[in-house]
Amino acid sequence: MVTRRSFLIGVGGAALSAPAHLREGLAADSFSLDPHLPIGLRNIAQLEALPGKVPLIKLTYRPPNYETPLHYFNELFTPNDAFFVRYHLSDIPEVDPKSWRLAVGGDAATKPFELTLDALKRDFMPVEIPAVCQCSGSRRGLFEPHVAGVEWGYGAMGNARWKGIRLKDILDRAGLTKEAIEIAFDGADGPALDKTPDFVKSIPVWKALDPDTLIAYEMNGQPLPHFNGAPARIIVPGWTATYWMKHLTRITARSTPEDNFWMKAAYRIPVGKFPLVQRFLTQETAANTPITEMVVNSLITTPAESEKVRMGQTLTAKGIAWDGGYGITSVEISTDEGQTWSRATLGPDVGRYSFRQWTFPLKTTRKGALTLLARATNAVGQTQNSTLIQNPGGYHHNLMHRVSVIVG
Ligand SMILES: Nc1nc2c(c(=O)[nH]1)N[C@H]1C(S)=C(S)[C@@H](COP(=O)(O)O)O[C@H]1N2
Ligand SMILES: [Mo]
């Protein structure tokens, strides 16, 4: 079926019309939406640039939810200006780094204090960690049956080098009591007119004290872009991005579980359904538990869906794999719908929380459609699913990615 849809390319907004899966006429860096996304979404999604960003796939404007087009993941690190944007609340102030203050306190902190950005950079040791920032609901739009929420495709994620200081160093200065069980974060953004509760998230104290959990002020060597949390945000490597508080203003050490809507009702998964190791026990109920680490996953970034390839041509398929930080041990490719698998060559390991690139030589010996499947496995033996683990939030989609090229 060919539906007419128009979308804006570039800031100038040259209008083009083409169904997403029949876009051979468009440049290689053009817009592509997965054919499995709900048709309603495929008709309204637009490429549009927020200030400071290249055109991204706009899913909602208030609050801004924009995903990264798939082809950007051909790069190991996602460019800052192409990095996805996700917000729950519409009032998003531009924070002046000069007047910004970070308040640290709570009933489980003996020495509350405030910090300027200069003091944060000056008084604590800087560290830099490559890590994937992935929304829990990335690929929610690919769930069948569909699940309510922002109908993300593949691009509610990105990989960056995050530079900042250890959250642990801040908590050491705050003098945690032995009753401390959770560390909560608040950001400068808030609800606009609606009654949506303020976005506050907490993590277990053991995760907050992990030397890899950071307060970052730089991303890929540049100050954080406004829409990715300037002037400072939380980085919880391995865990989904819901805890990666942007525009951080307050850190609260708690002796009791945080009990707001965003902890108690949202970002929860059924107990025991996913193969996960790290648990957030102070928030767990008999039925469900907060989402924690990312599941093992991969993508094929080259070739693009429906790309035309000449018969006899050898091309190099490439892509990325990532997990919750155990480390990718293999990526396998199948060209026969999963009957047989061959190992791809892994690129350099730049850190256990980063994307791991892979390549695979592809021979085209027959005319017609050639379908690739990719499957990643990690160091604790977790692998991607061939059937979806259904859950009410539409989280943790890690079905094997499928891309078909046309050999002619
Ligand atoms: N202040 C603030 N921080 C936030 C959020 C938010 O709505 N407000 N959303 C969280 C969620 S759910 C995600 S997926 C990531 C998105 O990070 P990004 O916009 O930098 O890509 O930010 C997290 N931090
Ligand atoms: Mo998210």
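The values are calculated or read from the model by the stated rules, or taken from the named source; none is laboratory data. Because the structure is a prediction, the values reported are computed rather than measured. Because the Cβ atoms are built from the backbone with ideal geometry, glycine has one as well, and the counts that use them run over all protein chains shown. We work out accessible area using only protein heavy atoms, side chains counted, and drop any ligands, DNA or RNA first. Shrake-Rupley method; radii C 1.70, N 1.55, O 1.52, S 1.80 Å.
For the pair Trp206 and Glu337 in one chain, pulling the backbone fully straight at 0.36 nm per residue adds 42.9 nm over the alpha carbon distance.
Counting Lys and Arg as +1 and Asp and Glu as -1, what is the net charge of the other residues whose Cβ lies under 14 Å from the Cβ of Gly149? Let's see the in-between values first.
Values: positive: Arg86, Arg139, Arg140, Arg268; negative: Glu67, Glu151.
My count for the surroundings of Gly149 gives +2.
For Val407, the amide hydrogen comes within under 5 Å of the amide hydrogens of Val309, Gly368, Ala369, Leu370, counting only partners 5 or more places away or on other chains and with H modelled in the peptide plane. Cross-link reach is defined here as a Cα-Cα straight distance under 13 Å, omitting same-chain residues fewer than 8 places apart; for Lys53 the aspartates and glutamates meeting it are Glu67, Asp81.
Accessible area per residue was computed with a 1.4 Å probe on protein heavy atoms; Ile181 scores about 50 Å².
Helix-derived [θ] at 222 nm for the chain: sum -39500 (n - 2.57) over DSSP H runs of at least 4, divide by residue count, nearest 500? Numbers along the way, then the final one.
Numbers: 5 runs with 29 residues, N = 408.
Mean residue ellipticity, 222 nm, calculated: -1500 deg cm²/dmol.
Here's the list of lysines a cross-link from Lys195 could span, going by alpha-carbon distance under 18 Å and ignoring same-chain residues fewer than 8 apart: Lys264. Which whole-number percent of Cα pairs in the chain have a distance greater than 40 Å? In whole percent, the share of Cα-Cα pairs in the chain beyond 40 Å is 16.
Report the net charge of residues surrounding Met245, where surrounding means a beta-carbon distance below 11 angstrom and charges are Lys +1, Arg +1, Asp -1, Glu -1. Intermediate results must be reported in sequence, preceding the final value.
Working: positive: Lys201, Arg233, Lys246, Arg250; negative: Asp186, Asp189.
Summing Lys/Arg as +1 and Asp/Glu as -1 gives +2.
If you plug the beta carbon distance of Asn74 and Glu179 into 1/(1 + (r/R0)^6) with R0 = 41 Å, you get a FRET efficiency near 0.25. Between the C-alpha center of the range 31-87 and that of the range 208-258 there is a gap of 22 Å. On full extension, the segment bounded by Met311 and Val271 gains 9.5 nm, given 0.36 nm per residue less the C-alpha separation. Across all directions, the shadow cast by the convex hull of the range 227-294 built on its C-alpha atoms averages 5.3 square nanometres. For the cross-link pairs Lys58/Lys318; Lys111/Lys178; Lys111/Lys168; Lys121/Lys163; Lys98/Lys121; Lys318/Lys363, the ones whose C-alpha atoms lie over 18 Å apart are Lys58/Lys318. Note on the range 101-290: Cα-only Rg and Dmax are 16.5, 51 Å.
On the protein heavy atoms, probe 1.4 angstrom, tell me the percent of accessible surface of the chain carried by carbon and sulfur. Walk me through the numbers on the way to the answer.
Values: 9070 of 16880 Å².
Ligands and nucleic acids excluded, carbon and sulfur reach 54 percent.
Solvent-accessible surface of the range 163-278, taken per residue with a 1.4 Å probe and all protein chains present: 35 Å². Here each label is just a point 7 Å from Cα along the line to Cβ, and for His146 and Ala369 those points are 2.2 nm apart.
Each label point was placed 7 Å from the Cα along the Cα-to-Cβ direction; for Leu193 and Leu281 their separation is 4.7 nm. Which one of Thr289, Trp162, Pro303 is farthest out on the positive end of the charge dipole of the chain, using unit charges on Cβ (Lys, Arg +1; Asp, Glu -1) and the Cα centre as origin? It is Pro303, whose Cα lies furthest towards the positive end.
How do the peptides 111-121, 317-327, 55-65 rank, highest first, by the average count of neighbouring beta carbon atoms within 10 Å per residue? Could the numbers behind the result be given before it?
Details: 111-121: 15.3, 317-327: 22.7, 55-65: 19.3.
Highest mean packing first, the order is 317-327, 55-65, 111-121.
Partners of Lys308 within straight-line reach, counting aspartates and glutamates whose Cα lies under 19 Å from its Cα and excluding those fewer than 8 residues away in the same chain: Glu24, Asp29, Asp34, Asp336.
Using DSSP to define loop residues, name the chymotrypsin sites (Phe, Trp or Tyr not before Pro) in the range 148-177 whose beta-carbon has at most 10 other beta-carbon atoms within 10 Å. Don't skip to the answer; put the middle values down first.
On the way: sites: Trp152, Tyr154, Trp162; in loops: Trp152, Tyr154.
Qualifying residues, ordered by number: none.
Normalised by the number of residues in the range 101-290, the average gap of Cα pairs under 8 Å and 6 or more apart makes the relative contact order 25 percent. Gain on full extension, evaluated as 0.36 nm per residue between Asp96 and Lys121 minus their Cα-Cα distance, stands at 7.4 nm. Which part of the range 143-183 falls in the paramagnetic zone of Thr387, meaning amide N under 16 Å from the point 7 Å along Cα-to-beta-carbon? Under cut-off, by backbone N: 144-145.
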